[in-house]
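Each remark here refers to the structure printed beneath this line.
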Amino acid sequence: MLTRRELIKVGSATLLLLYLNQLALGQDAEEVFPQGVASGDPSQRGVVLWTRVNPKVHARKRKDLLLQLSEDPSFRKFSTFRVPASSIGPHRDYTVRIDLQGRLSPGTVYYYRFVYAGVKSIVGRFSTLPQRARELTLGFVVCQNYSDGYYTAYKHLAQEELHLVVHLGDFIYEKIYGPPRVPGRAVGLPSGERVCINIEDYRHLYKVYLSDPNLKLARALHPFVHTWDDHEFLNDCYYDHQRGVWGYFVEAHPVGNDRQRILQLRQDAIRAWVEYVPARVQLNPKDPDPLRWIRLYRDFDLGGLAHLIVLDERSYRERPPCQGRFGVEGCPEQHKTSMLGKEQFRWFKDKLLEGEHGWKVVANSVQFSRSLVDGKFGSLDAWEGYAGERQAILDLISKGGRKNLLLLSGDRHAAMVAEVPDSYDRPSRVLGAEFLTPALSSINALEGGWWKRSWPQYATLEDYERAETSQNPWIKYLNMRTWGYSLIKLSPDRVETTLLSVNKYDEEAQKRVMARFEYSQGELRRKEVNL
Ligand SMILES: [Fe+2]
(Lines give C-alpha, C1' and ligand atoms only; values in the text may rest on other atoms or scores of the structure.)
Protein backbone atom coordinates (compact mmCIF):
# COMPACT_ATOMS: atom_id res chain seq x y z
CA MET A 1 0.00 0.00 0.00
CA LEU A 2 1.06 3.59 -0.56
CA THR A 3 2.10 5.51 2.49
CA ARG A 4 0.84 9.05 3.06
CA ARG A 5 4.41 10.34 2.67
CA GLU A 6 4.79 8.71 -0.75
CA LEU A 7 1.54 10.34 -1.82
CA ILE A 8 2.49 13.83 -0.77
CA LYS A 9 5.86 13.45 -2.46
CA VAL A 10 4.47 12.73 -5.93
CA GLY A 11 0.94 14.10 -5.78
CA SER A 12 -0.12 13.44 -9.39
CA ALA A 13 -3.64 12.71 -10.65
CA THR A 14 -2.61 9.07 -10.97
CA LEU A 15 -1.66 8.96 -7.32
CA LEU A 16 -4.85 10.62 -6.21
CA LEU A 17 -6.86 7.95 -8.03
CA LEU A 18 -4.60 5.31 -6.57
CA TYR A 19 -5.15 6.63 -3.07
CA LEU A 20 -8.92 6.90 -3.39
CA ASN A 21 -9.04 3.39 -4.78
CA GLN A 22 -6.97 2.07 -1.91
CA LEU A 23 -9.48 3.54 0.52
CA ALA A 24 -12.29 1.90 -1.45
CA LEU A 25 -10.51 -1.44 -1.33
CA GLY A 26 -11.24 -1.64 2.37
CA GLN A 27 -14.96 -0.95 2.03
CA ASP A 28 -18.14 -2.22 0.38
CA ALA A 29 -16.50 -2.15 -3.05
CA GLU A 30 -14.19 -4.90 -1.88
CA GLU A 31 -17.09 -7.10 -0.80
CA VAL A 32 -19.15 -6.67 -3.96
CA PHE A 33 -16.22 -6.57 -6.45
CA PRO A 34 -13.57 -8.69 -4.69
CA GLN A 35 -11.27 -8.93 -7.74
CA GLY A 36 -11.51 -5.25 -8.66
CA VAL A 37 -11.86 -3.93 -12.21
CA ALA A 38 -9.70 -4.16 -15.31
CA SER A 39 -9.38 -3.01 -18.91
CA GLY A 40 -7.66 -4.68 -21.82
CA ASP A 41 -6.93 -4.66 -25.53
CA PRO A 42 -7.39 -0.93 -26.13
CA SER A 43 -7.84 0.18 -29.72
CA GLN A 44 -8.53 3.59 -31.31
CA ARG A 45 -12.27 3.08 -30.83
CA GLY A 46 -12.66 0.61 -28.01
CA VAL A 47 -11.53 -1.39 -25.03
CA VAL A 48 -12.62 -4.47 -23.08
CA LEU A 49 -13.77 -3.74 -19.53
CA TRP A 50 -13.94 -6.37 -16.82
CA THR A 51 -15.11 -7.07 -13.30
CA ARG A 52 -16.47 -9.90 -11.16
CA VAL A 53 -19.48 -9.77 -8.85
CA ASN A 54 -19.34 -11.63 -5.54
CA PRO A 55 -21.62 -14.69 -6.03
CA LYS A 56 -22.93 -14.46 -2.45
CA VAL A 57 -24.01 -10.87 -2.99
CA HIS A 58 -25.56 -11.74 -6.34
CA ALA A 59 -27.48 -14.66 -4.81
CA ARG A 60 -29.02 -12.24 -2.28
CA LYS A 61 -29.70 -9.24 -4.52
CA ARG A 62 -30.14 -10.50 -8.13
CA LYS A 63 -29.58 -6.99 -9.54
CA ASP A 64 -28.43 -5.76 -12.94
CA LEU A 65 -24.85 -4.53 -13.10
CA LEU A 66 -24.23 -1.00 -14.36
CA LEU A 67 -21.09 0.28 -16.03
CA GLN A 68 -20.50 4.03 -15.83
CA LEU A 69 -18.04 5.56 -18.27
CA SER A 70 -16.82 9.15 -18.19
CA GLU A 71 -14.07 11.43 -19.44
CA ASP A 72 -14.19 13.12 -16.06
CA PRO A 73 -12.67 11.38 -12.99
CA SER A 74 -15.40 12.82 -10.78
CA PHE A 75 -18.16 11.41 -13.07
CA ARG A 76 -20.19 14.63 -13.32
CA LYS A 77 -21.36 13.31 -16.72
CA PHE A 78 -21.22 9.68 -17.74
CA SER A 79 -22.67 7.07 -20.08
CA THR A 80 -24.26 3.97 -18.61
CA PHE A 81 -24.20 0.39 -19.90
CA ARG A 82 -26.37 -2.28 -18.33
CA VAL A 83 -25.58 -5.97 -17.81
CA PRO A 84 -28.74 -7.92 -16.97
CA ALA A 85 -28.75 -9.89 -13.70
CA SER A 86 -29.58 -13.06 -15.63
CA SER A 87 -26.31 -12.96 -17.56
CA ILE A 88 -24.19 -12.91 -14.38
CA GLY A 89 -23.70 -16.44 -13.10
CA PRO A 90 -21.65 -19.59 -12.58
CA HIS A 91 -21.30 -20.21 -16.34
CA ARG A 92 -18.61 -17.46 -16.32
CA ASP A 93 -17.76 -17.69 -12.63
CA TYR A 94 -19.62 -14.37 -12.12
CA THR A 95 -17.09 -12.47 -14.24
CA VAL A 96 -18.38 -9.80 -16.61
CA ARG A 97 -16.70 -8.61 -19.78
CA ILE A 98 -17.96 -5.65 -21.81
CA ASP A 99 -16.42 -4.95 -25.20
CA LEU A 100 -16.85 -1.28 -26.12
CA GLN A 101 -15.33 -1.67 -29.58
CA GLY A 102 -16.63 1.06 -31.90
CA ARG A 103 -18.10 3.20 -29.10
CA LEU A 104 -15.11 5.33 -28.02
CA SER A 105 -12.98 8.19 -29.39
CA PRO A 106 -9.26 7.85 -30.19
CA GLY A 107 -6.55 9.15 -27.87
CA THR A 108 -8.96 9.83 -25.01
CA VAL A 109 -8.59 9.13 -21.30
CA TYR A 110 -11.67 7.44 -19.84
CA TYR A 111 -12.66 6.63 -16.27
CA TYR A 112 -15.05 3.83 -15.46
CA ARG A 113 -16.67 2.13 -12.51
CA PHE A 114 -19.22 -0.60 -12.00
CA VAL A 115 -22.28 -0.17 -9.79
CA TYR A 116 -24.14 -3.09 -8.25
CA ALA A 117 -27.10 -2.66 -5.89
CA GLY A 118 -25.95 0.90 -5.20
CA VAL A 119 -22.35 -0.09 -4.39
CA LYS A 120 -19.65 1.47 -6.58
CA SER A 121 -16.46 -0.36 -7.54
CA ILE A 122 -13.05 1.25 -7.43
CA VAL A 123 -12.49 3.59 -10.39
CA GLY A 124 -10.60 2.26 -13.37
CA ARG A 125 -8.86 4.30 -16.02
CA PHE A 126 -7.60 3.65 -19.54
CA SER A 127 -6.85 5.63 -22.64
CA THR A 128 -7.81 4.60 -26.14
CA LEU A 129 -4.97 4.41 -28.63
CA PRO A 130 -4.29 7.64 -30.52
CA GLN A 131 -4.86 8.01 -34.25
CA ARG A 132 -1.35 9.48 -34.67
CA ALA A 133 1.21 9.08 -31.89
CA ARG A 134 4.53 10.93 -31.46
CA GLU A 135 5.51 9.10 -28.29
CA LEU A 136 4.14 6.14 -26.36
CA THR A 137 5.29 4.36 -23.21
CA LEU A 138 4.47 0.73 -22.52
CA GLY A 139 5.11 -1.31 -19.42
CA PHE A 140 5.87 -5.00 -19.68
CA VAL A 141 5.78 -7.74 -17.08
CA VAL A 142 5.94 -11.51 -16.77
CA CYS A 143 5.94 -14.42 -14.29
CA GLN A 144 4.07 -13.55 -11.14
CA ASN A 145 3.97 -16.65 -8.95
CA TYR A 146 1.83 -15.49 -6.03
CA SER A 147 3.44 -17.65 -3.39
CA ASP A 148 6.98 -16.78 -4.52
CA GLY A 149 6.78 -13.15 -3.41
CA TYR A 150 4.86 -9.92 -2.92
CA TYR A 151 3.59 -7.83 -5.82
CA THR A 152 5.48 -4.71 -4.70
CA ALA A 153 6.55 -4.22 -8.33
CA TYR A 154 2.87 -3.76 -9.27
CA LYS A 155 2.56 -0.96 -6.73
CA HIS A 156 5.26 0.92 -8.65
CA LEU A 157 3.97 -0.06 -12.07
CA ALA A 158 0.53 1.29 -11.10
CA GLN A 159 2.11 4.72 -10.57
CA GLU A 160 3.88 4.93 -13.93
CA GLU A 161 2.41 7.07 -16.70
CA LEU A 162 1.75 4.44 -19.37
CA HIS A 163 -0.40 3.86 -22.43
CA LEU A 164 -0.67 0.15 -21.74
CA VAL A 165 0.98 -2.83 -20.06
CA VAL A 166 2.00 -5.90 -22.04
CA HIS A 167 1.71 -9.06 -19.95
CA LEU A 168 3.98 -11.77 -21.35
CA GLY A 169 2.44 -14.67 -19.47
CA ASP A 170 2.64 -16.86 -16.38
CA PHE A 171 -0.13 -14.71 -14.94
CA ILE A 172 -0.88 -17.74 -12.75
CA TYR A 173 1.13 -20.88 -11.96
CA GLU A 174 -0.90 -24.05 -12.38
CA LYS A 175 1.39 -25.93 -10.02
CA ILE A 176 1.95 -25.45 -6.30
CA TYR A 177 5.71 -25.72 -5.98
CA GLY A 178 5.90 -25.82 -2.22
CA PRO A 179 5.43 -23.63 0.82
CA PRO A 180 5.25 -19.87 0.17
CA ARG A 181 8.47 -17.87 0.12
CA VAL A 182 6.87 -14.96 1.97
CA PRO A 183 4.34 -14.98 4.84
CA GLY A 184 0.65 -14.94 3.97
CA ARG A 185 0.96 -16.19 0.38
CA ALA A 186 0.15 -19.90 0.72
CA VAL A 187 -1.96 -21.26 -2.14
CA GLY A 188 -4.01 -24.45 -2.12
CA LEU A 189 -6.24 -25.87 -4.85
CA PRO A 190 -9.91 -26.85 -4.35
CA SER A 191 -9.15 -30.34 -5.72
CA GLY A 192 -6.47 -30.84 -3.08
CA GLU A 193 -3.93 -31.68 -5.83
CA ARG A 194 -0.54 -29.98 -6.30
CA VAL A 195 -1.44 -29.07 -9.87
CA CYS A 196 -4.65 -27.87 -11.56
CA ILE A 197 -6.87 -30.74 -12.67
CA ASN A 198 -10.14 -28.94 -13.43
CA ILE A 199 -11.72 -25.56 -14.09
CA GLU A 200 -12.37 -24.87 -10.41
CA ASP A 201 -8.65 -25.16 -9.72
CA TYR A 202 -7.76 -22.66 -12.46
CA ARG A 203 -10.53 -20.26 -11.43
CA HIS A 204 -9.42 -20.44 -7.83
CA LEU A 205 -5.87 -19.39 -8.78
CA TYR A 206 -7.09 -16.31 -10.68
CA LYS A 207 -9.13 -15.32 -7.64
CA VAL A 208 -6.22 -15.80 -5.26
CA TYR A 209 -3.81 -13.86 -7.48
CA LEU A 210 -6.39 -11.08 -7.93
CA SER A 211 -6.84 -10.78 -4.17
CA ASP A 212 -3.59 -8.78 -4.19
CA PRO A 213 -4.30 -5.02 -3.83
CA ASN A 214 -1.24 -3.97 -5.84
CA LEU A 215 -2.21 -6.14 -8.80
CA LYS A 216 -5.78 -4.85 -8.59
CA LEU A 217 -4.57 -1.24 -8.65
CA ALA A 218 -2.26 -1.84 -11.60
CA ARG A 219 -5.16 -3.44 -13.49
CA ALA A 220 -7.47 -0.57 -12.59
CA LEU A 221 -5.02 2.12 -13.67
CA HIS A 222 -3.66 0.66 -16.92
CA PRO A 223 -5.12 -1.31 -19.81
CA PHE A 224 -3.34 -4.66 -20.23
CA VAL A 225 -2.59 -6.57 -23.41
CA HIS A 226 -2.01 -10.22 -22.54
CA THR A 227 -0.40 -13.16 -24.11
CA TRP A 228 0.17 -16.36 -22.14
CA ASP A 229 3.05 -18.68 -21.52
CA ASP A 230 2.86 -22.27 -20.30
CA HIS A 231 1.71 -21.95 -16.68
CA GLU A 232 -1.74 -20.66 -17.57
CA PHE A 233 -2.26 -24.26 -18.71
CA LEU A 234 0.56 -26.77 -18.19
CA ASN A 235 4.28 -26.35 -17.47
CA ASP A 236 6.54 -26.60 -20.56
CA CYS A 237 3.65 -27.73 -22.75
CA TYR A 238 3.83 -28.29 -26.51
CA TYR A 239 1.46 -29.69 -29.14
CA ASP A 240 1.82 -33.26 -30.33
CA HIS A 241 0.52 -32.79 -33.89
CA GLN A 242 0.30 -36.55 -34.50
CA ARG A 243 -1.85 -37.35 -31.49
CA GLY A 244 -3.81 -34.08 -31.69
CA VAL A 245 -3.21 -33.21 -28.05
CA TRP A 246 -0.85 -31.19 -25.88
CA GLY A 247 2.16 -32.92 -24.39
CA TYR A 248 4.05 -31.90 -21.28
CA PHE A 249 7.00 -32.87 -19.11
CA VAL A 250 5.45 -32.72 -15.64
CA GLU A 251 6.12 -35.99 -13.89
CA ALA A 252 3.18 -37.87 -12.43
CA HIS A 253 0.52 -35.36 -13.48
CA PRO A 254 -2.91 -36.60 -12.32
CA VAL A 255 -4.34 -36.36 -15.87
CA GLY A 256 -1.69 -38.81 -17.05
CA ASN A 257 -1.39 -39.47 -20.76
CA ASP A 258 -5.12 -39.75 -21.45
CA ARG A 259 -5.96 -37.65 -24.52
CA GLN A 260 -9.53 -36.84 -23.49
CA ARG A 261 -8.50 -35.73 -20.01
CA ILE A 262 -5.73 -33.48 -21.34
CA LEU A 263 -8.14 -31.94 -23.87
CA GLN A 264 -10.67 -31.34 -21.10
CA LEU A 265 -7.94 -29.69 -19.02
CA ARG A 266 -7.10 -27.50 -21.99
CA GLN A 267 -10.75 -26.44 -22.31
CA ASP A 268 -10.77 -25.62 -18.59
CA ALA A 269 -7.58 -23.55 -18.78
CA ILE A 270 -8.82 -21.57 -21.79
CA ARG A 271 -12.19 -20.93 -20.17
CA ALA A 272 -10.71 -19.65 -16.92
CA TRP A 273 -8.22 -17.45 -18.81
CA VAL A 274 -10.97 -15.92 -20.92
CA GLU A 275 -13.13 -15.36 -17.84
CA TYR A 276 -10.43 -13.48 -15.91
CA VAL A 277 -8.32 -11.77 -18.59
CA PRO A 278 -9.86 -8.83 -20.48
CA ALA A 279 -8.77 -9.73 -24.02
CA ARG A 280 -10.50 -9.63 -27.40
CA VAL A 281 -9.70 -13.10 -28.75
CA GLN A 282 -11.47 -15.51 -31.06
CA LEU A 283 -13.04 -18.56 -29.42
CA ASN A 284 -14.38 -21.71 -31.07
CA PRO A 285 -14.59 -24.21 -28.19
CA LYS A 286 -16.74 -26.64 -30.20
CA ASP A 287 -14.36 -26.89 -33.16
CA PRO A 288 -13.22 -30.50 -33.74
CA ASP A 289 -9.63 -29.24 -34.07
CA PRO A 290 -8.32 -28.33 -30.57
CA LEU A 291 -5.90 -25.85 -32.16
CA ARG A 292 -8.91 -23.74 -33.19
CA TRP A 293 -10.46 -23.46 -29.72
CA ILE A 294 -8.75 -20.12 -29.14
CA ARG A 295 -6.88 -17.74 -31.40
CA LEU A 296 -4.91 -15.55 -29.08
CA TYR A 297 -2.41 -14.05 -31.51
CA ARG A 298 -3.50 -10.59 -32.60
CA ASP A 299 -2.10 -7.13 -33.32
CA PHE A 300 -2.57 -3.45 -32.45
CA ASP A 301 -1.81 -0.27 -34.38
CA LEU A 302 -0.08 2.00 -31.85
CA GLY A 303 -0.99 5.26 -33.56
CA GLY A 304 1.17 4.68 -36.65
CA LEU A 305 4.27 4.85 -34.43
CA ALA A 306 4.48 1.15 -33.78
CA HIS A 307 2.76 -2.12 -34.54
CA LEU A 308 2.27 -4.34 -31.50
CA ILE A 309 2.21 -8.01 -32.54
CA VAL A 310 1.11 -10.45 -29.84
CA LEU A 311 2.28 -14.02 -30.36
CA ASP A 312 1.08 -17.32 -28.90
CA GLU A 313 4.22 -19.40 -28.40
CA ARG A 314 2.69 -22.27 -26.43
CA SER A 315 -0.35 -23.54 -28.30
CA TYR A 316 1.10 -24.68 -31.63
CA ARG A 317 4.76 -25.39 -30.91
CA GLU A 318 6.13 -28.83 -31.70
CA ARG A 319 7.86 -30.86 -29.02
CA PRO A 320 11.29 -29.36 -28.26
CA PRO A 321 13.83 -31.49 -30.13
CA CYS A 322 17.03 -33.15 -28.88
CA GLN A 323 17.90 -34.87 -25.60
CA GLY A 324 17.16 -32.60 -22.66
CA ARG A 325 15.99 -29.03 -22.82
CA PHE A 326 18.15 -26.92 -20.49
CA GLY A 327 21.92 -26.63 -20.62
CA VAL A 328 22.32 -29.13 -23.46
CA GLU A 329 24.37 -29.39 -26.64
CA GLY A 330 21.47 -29.38 -29.09
CA CYS A 331 20.97 -31.39 -32.29
CA PRO A 332 20.22 -30.83 -36.01
CA GLU A 333 16.44 -31.17 -35.41
CA GLN A 334 16.28 -27.82 -33.65
CA HIS A 335 16.54 -26.24 -37.11
CA LYS A 336 13.43 -28.08 -38.32
CA THR A 337 10.86 -27.49 -35.60
CA SER A 338 8.09 -24.89 -35.52
CA MET A 339 7.35 -22.66 -32.55
CA LEU A 340 4.45 -20.75 -34.07
CA GLY A 341 2.74 -23.38 -36.20
CA LYS A 342 2.06 -22.92 -39.93
CA GLU A 343 -0.86 -20.49 -39.78
CA GLN A 344 0.51 -18.21 -37.09
CA PHE A 345 3.95 -18.18 -38.74
CA ARG A 346 2.41 -17.07 -42.05
CA TRP A 347 0.37 -14.42 -40.26
CA PHE A 348 3.43 -13.20 -38.33
CA LYS A 349 5.51 -12.86 -41.49
CA ASP A 350 2.75 -10.78 -43.10
CA LYS A 351 2.53 -8.57 -40.01
CA LEU A 352 6.29 -8.02 -39.91
CA LEU A 353 6.24 -6.69 -43.48
CA GLU A 354 3.02 -4.68 -43.16
CA GLY A 355 3.47 -0.91 -43.34
CA GLU A 356 6.72 0.94 -43.87
CA HIS A 357 9.05 2.14 -41.16
CA GLY A 358 7.17 1.89 -37.87
CA TRP A 359 8.50 -0.18 -35.00
CA LYS A 360 7.52 -3.84 -34.87
CA VAL A 361 7.01 -4.47 -31.16
CA VAL A 362 6.53 -8.18 -30.54
CA ALA A 363 5.02 -9.63 -27.35
CA ASN A 364 7.28 -12.63 -27.61
CA SER A 365 7.05 -14.60 -24.29
CA VAL A 366 10.21 -16.73 -24.54
CA GLN A 367 13.82 -15.70 -25.18
CA PHE A 368 14.72 -15.17 -28.83
CA SER A 369 18.48 -14.62 -28.47
CA ARG A 370 20.96 -17.46 -28.53
CA SER A 371 22.63 -18.21 -25.20
CA LEU A 372 25.43 -20.72 -25.76
CA VAL A 373 27.87 -21.19 -22.89
CA ASP A 374 30.83 -23.60 -23.12
CA GLY A 375 29.06 -25.53 -25.90
CA LYS A 376 25.69 -25.84 -24.14
CA PHE A 377 22.51 -23.97 -25.02
CA GLY A 378 20.64 -22.25 -22.20
CA SER A 379 17.16 -23.46 -23.14
CA LEU A 380 15.75 -25.41 -26.06
CA ASP A 381 12.30 -24.66 -24.64
CA ALA A 382 12.86 -21.07 -25.89
CA TRP A 383 13.53 -20.00 -29.51
CA GLU A 384 16.85 -21.88 -29.61
CA GLY A 385 14.83 -25.11 -29.85
CA TYR A 386 13.17 -23.64 -32.96
CA ALA A 387 16.27 -22.07 -34.49
CA GLY A 388 15.29 -22.70 -38.12
CA GLU A 389 12.04 -20.79 -37.75
CA ARG A 390 13.92 -18.05 -35.91
CA GLN A 391 16.39 -17.73 -38.78
CA ALA A 392 13.53 -17.52 -41.30
CA ILE A 393 12.17 -14.52 -39.34
CA LEU A 394 15.61 -12.88 -39.32
CA ASP A 395 16.04 -13.50 -43.06
CA LEU A 396 12.69 -11.89 -43.78
CA ILE A 397 13.54 -8.71 -41.86
CA SER A 398 17.07 -8.63 -43.20
CA LYS A 399 15.97 -8.91 -46.85
CA GLY A 400 13.59 -5.99 -46.40
CA GLY A 401 16.50 -3.86 -45.11
CA ARG A 402 14.63 -3.25 -41.87
CA LYS A 403 16.09 -2.60 -38.43
CA ASN A 404 12.83 -2.10 -36.59
CA LEU A 405 12.33 -5.32 -34.58
CA LEU A 406 11.74 -4.88 -30.85
CA LEU A 407 11.16 -8.08 -28.91
CA LEU A 408 9.57 -7.89 -25.46
CA SER A 409 10.33 -11.22 -23.83
CA GLY A 410 10.04 -13.02 -20.52
CA ASP A 411 9.88 -16.63 -19.31
CA ARG A 412 13.51 -16.83 -18.19
CA HIS A 413 13.04 -15.05 -14.84
CA ALA A 414 15.99 -12.82 -15.68
CA ALA A 415 16.66 -9.33 -17.02
CA MET A 416 18.50 -9.24 -20.32
CA VAL A 417 19.14 -6.82 -23.17
CA ALA A 418 20.48 -8.03 -26.51
CA GLU A 419 20.97 -6.96 -30.08
CA VAL A 420 19.06 -9.04 -32.61
CA PRO A 421 21.58 -9.88 -35.34
CA ASP A 422 20.78 -11.14 -38.85
CA SER A 423 22.27 -14.52 -37.90
CA TYR A 424 23.49 -16.07 -34.66
CA ASP A 425 26.07 -18.16 -36.53
CA ARG A 426 27.54 -15.35 -38.64
CA PRO A 427 26.22 -12.03 -37.34
CA SER A 428 26.94 -9.16 -39.71
CA ARG A 429 24.34 -6.51 -38.87
CA VAL A 430 21.77 -5.64 -36.25
CA LEU A 431 18.05 -5.82 -37.05
CA GLY A 432 16.63 -4.85 -33.70
CA ALA A 433 16.78 -5.41 -29.97
CA GLU A 434 15.44 -7.89 -27.45
CA PHE A 435 14.44 -6.82 -23.95
CA LEU A 436 13.77 -9.53 -21.37
CA THR A 437 11.90 -8.33 -18.34
CA PRO A 438 12.66 -10.16 -15.07
CA ALA A 439 10.02 -12.15 -13.23
CA LEU A 440 7.68 -9.90 -11.29
CA SER A 441 7.71 -12.27 -8.31
CA SER A 442 8.66 -15.79 -9.45
CA ILE A 443 11.81 -17.56 -8.32
CA ASN A 444 15.00 -16.45 -10.12
CA ALA A 445 18.24 -18.30 -10.89
CA LEU A 446 19.89 -17.15 -7.68
CA GLU A 447 17.04 -18.65 -5.65
CA GLY A 448 16.79 -21.77 -7.84
CA GLY A 449 20.53 -22.33 -8.44
CA TRP A 450 19.65 -23.61 -11.95
CA TRP A 451 22.94 -22.73 -13.63
CA LYS A 452 24.86 -25.13 -11.34
CA ARG A 453 23.27 -28.23 -12.91
CA SER A 454 24.80 -27.65 -16.34
CA TRP A 455 27.66 -25.31 -15.58
CA PRO A 456 29.15 -26.40 -12.22
CA GLN A 457 32.44 -24.82 -13.30
CA TYR A 458 30.99 -21.41 -12.37
CA ALA A 459 31.00 -21.10 -8.61
CA THR A 460 28.80 -17.99 -8.50
CA LEU A 461 25.95 -16.70 -10.59
CA GLU A 462 27.99 -13.58 -11.39
CA ASP A 463 30.68 -15.84 -12.89
CA TYR A 464 28.05 -17.57 -15.03
CA GLU A 465 26.55 -14.24 -16.16
CA ARG A 466 29.99 -13.01 -17.21
CA ALA A 467 30.57 -16.22 -19.20
CA GLU A 468 27.22 -15.90 -20.98
CA THR A 469 27.70 -12.25 -21.94
CA SER A 470 31.29 -12.74 -23.08
CA GLN A 471 30.50 -15.85 -25.17
CA ASN A 472 27.37 -14.38 -26.79
CA PRO A 473 28.45 -10.98 -28.07
CA TRP A 474 24.89 -9.81 -28.88
CA ILE A 475 23.98 -9.96 -25.17
CA LYS A 476 24.73 -6.55 -23.68
CA TYR A 477 23.22 -6.95 -20.24
CA LEU A 478 22.23 -9.92 -18.08
CA ASN A 479 21.01 -9.98 -14.51
CA MET A 480 19.63 -13.27 -13.20
CA ARG A 481 19.47 -12.13 -9.57
CA THR A 482 16.50 -9.79 -9.62
CA TRP A 483 12.74 -9.24 -9.98
CA GLY A 484 10.77 -6.26 -11.24
CA TYR A 485 9.22 -4.77 -14.38
CA SER A 486 10.23 -2.84 -17.49
CA LEU A 487 9.24 0.21 -19.50
CA ILE A 488 9.73 0.99 -23.17
CA LYS A 489 9.34 4.54 -24.48
CA LEU A 490 8.76 4.63 -28.22
CA SER A 491 9.38 7.65 -30.41
CA PRO A 492 9.70 7.77 -34.21
CA ASP A 493 13.49 7.56 -34.42
CA ARG A 494 14.49 5.79 -31.17
CA VAL A 495 13.30 3.72 -28.27
CA GLU A 496 14.42 3.81 -24.67
CA THR A 497 13.98 0.78 -22.43
CA THR A 498 14.35 0.89 -18.66
CA LEU A 499 14.65 -2.27 -16.56
CA LEU A 500 13.50 -1.76 -12.97
CA SER A 501 14.30 -3.92 -10.00
CA VAL A 502 11.91 -4.27 -7.05
CA ASN A 503 12.61 -6.57 -4.10
CA LYS A 504 9.71 -9.04 -3.93
CA TYR A 505 10.48 -9.93 -0.30
CA ASP A 506 9.74 -6.40 0.89
CA GLU A 507 6.22 -4.94 0.64
CA GLU A 508 7.67 -1.43 1.08
CA ALA A 509 10.59 -1.85 -1.32
CA GLN A 510 11.50 1.03 -3.60
CA LYS A 511 12.03 0.61 -7.32
CA ARG A 512 15.58 0.83 -8.61
CA VAL A 513 16.69 1.39 -12.19
CA MET A 514 18.94 -1.55 -13.11
CA ALA A 515 19.78 -0.47 -16.61
CA ARG A 516 18.60 1.79 -19.41
CA PHE A 517 19.22 1.21 -23.10
CA GLU A 518 18.53 3.21 -26.23
CA TYR A 519 18.04 1.60 -29.61
CA SER A 520 18.05 3.38 -32.93
CA GLN A 521 18.85 2.29 -36.50
CA GLY A 522 20.78 -0.87 -35.66
CA GLU A 523 22.58 0.64 -32.67
CA LEU A 524 21.94 -0.42 -29.10
CA ARG A 525 23.54 1.80 -26.47
CA ARG A 526 23.57 1.61 -22.71
CA LYS A 527 22.68 4.92 -21.12
CA GLU A 528 23.95 6.38 -17.91
CA VAL A 529 21.43 6.26 -15.10
CA ASN A 530 21.51 9.11 -12.63
CA LEU A 531 20.31 7.74 -9.33
FE1 LIG B 1 7.53 -18.08 -15.30
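The values are calculated or read from the model by the stated rules, or taken from the named source; none is laboratory data. What you see is a predicted model, and the numbers here were worked out from it, not measured in a lab. Methodologically, a virtual Cβ is constructed for each residue, glycine included, from the backbone with ideal geometry; neighbour enumeration extends over all protein chains shown.
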**Fill in**
When Phe140 is run through (1) part of a loop (DSSP other than H, G, I, E, B); (2) at pLDDT 95 or above, the failure sits at (1)
**Asked** Going by the structure shown, is Leu500 touching a Phe, Trp or Tyr at 6+ places or on another chain (Cβ under 9 Å), of a type in the set (A, V, I, L, M, F, W, C) and within 19 Å of Asp170 (Cβ to Cβ)?
**Response** yes
**Message:** Suppose we filter segment 393-429 for residues that are more than 16 Å from the ligand (Cβ to nearest atom) and either buried (at least 19 other Cβ atoms within 10 Å of the Cβ) or of a type in the set (D, E, K, R) (or both); how many remain?
**Reply:** 21
**Prompt:** How many residues does segment 143-154 hold that are within 15 Å of the ligand (Cβ to nearest atom) and either outside the structural domain of Val502 (by TED's automatic domain parsing) or part of a helix (DSSP H, G or I) (or both)?
**Reply:** 4
**Request:** Determine the pairs where a residue that is charged (D, E, K, R), located within segment 132-147, has a partner that is surrounded by fewer than 24 Cβ atoms within 10 Å (Cβ to Cβ) with Cβ atoms under 6 Å apart, the partner being 6 or more residues away or on another chain.
**Result:** Arg132/Gly303; Arg132/Gly304; Glu135/Ser491
**Request:** With respect to Asp312, determine if the residue is part of a loop (DSSP other than H, G, I, E, B), in the same structural domain as Asp411 (by TED's automatic domain parsing) and surrounded by 17 or more Cβ atoms within 10 Å (Cβ to Cβ).
**Result:** yes
**Complete:** When every residue in segment 114-137 that is touching a Ser or Thr at 6+ places or on another chain (Cβ under 8 Å) and in a loop (DSSP other than H, G, I, E, B) is compared, the one farthest from the ligand (Cβ to nearest atom) is Arg134
**Item:** Count of segment 220-237 residues which are surrounded by fewer than 24 Cβ atoms within 10 Å (Cβ to Cβ), among the charged types (D, E, K, R) and more than 10 Å from the ligand (Cβ to nearest atom)
**Value:** 1
**Asked** In segment 392-410, what count of residues is obtained for those that are in a helix (DSSP H, G or I) and more than 12 Å from Lys349 (Cα to Cα)?
**Response** 2
**Request:** Report yes if some residue within segment 404-411 is touching a helix residue (DSSP H, G or I) at 6+ places or on another chain (Cβ under 9 Å), touching a residue at least 12 places away in the same chain (Cβ under 8 Å) and farther than 23 Å from Pro320 by Cα; otherwise report no.
**Result:** yes
**Asked** Do we find that Ala279 is at negative phi, surrounded by 21 or more Cβ atoms within 10 Å (Cβ to Cβ) and in a loop (DSSP other than H, G, I, E, B) in this structure?
**Response** yes
**Asked** Is it the case that Ala382 is touching a Pro at 6+ places or on another chain (Cβ under 6 Å), within 16 Å of the ligand (Cβ to nearest atom) and either within 28 Å of Thr482 (Cα to Cα) or at pLDDT 95 or above (or both)?
**Response** no
**Message:** Residues to consider are Leu265, Leu215; find the one that is at pLDDT 95 or above, assigned by TED's automatic domain parsing to the domain that holds Leu302, within 16 Å of the ligand (Cβ to nearest atom) and surrounded by 22 or more Cβ atoms within 10 Å (Cβ to Cβ).
**Reply:** Leu215
**Asked** What are the residue pairs meeting all of these: first residue in segment 169-198, first residue farther than 28 Å from Val310 by Cα, second residue within 16 Å of the ligand (Cβ to nearest atom) and of a type in the set (Lys, Arg), Cβ atoms under 8 Å, and 6 or more apart or on different chains?
**Response** Val182/Lys504; Arg194/Lys175
**Request:** Please indicate, with yes or no, whether at least one residue in segment 282-300 is in contact with a Gly (Cβ under 9 Å, 6 or more places away or on another chain), part of a loop (DSSP other than H, G, I, E, B) and at positive phi.
**Result:** no
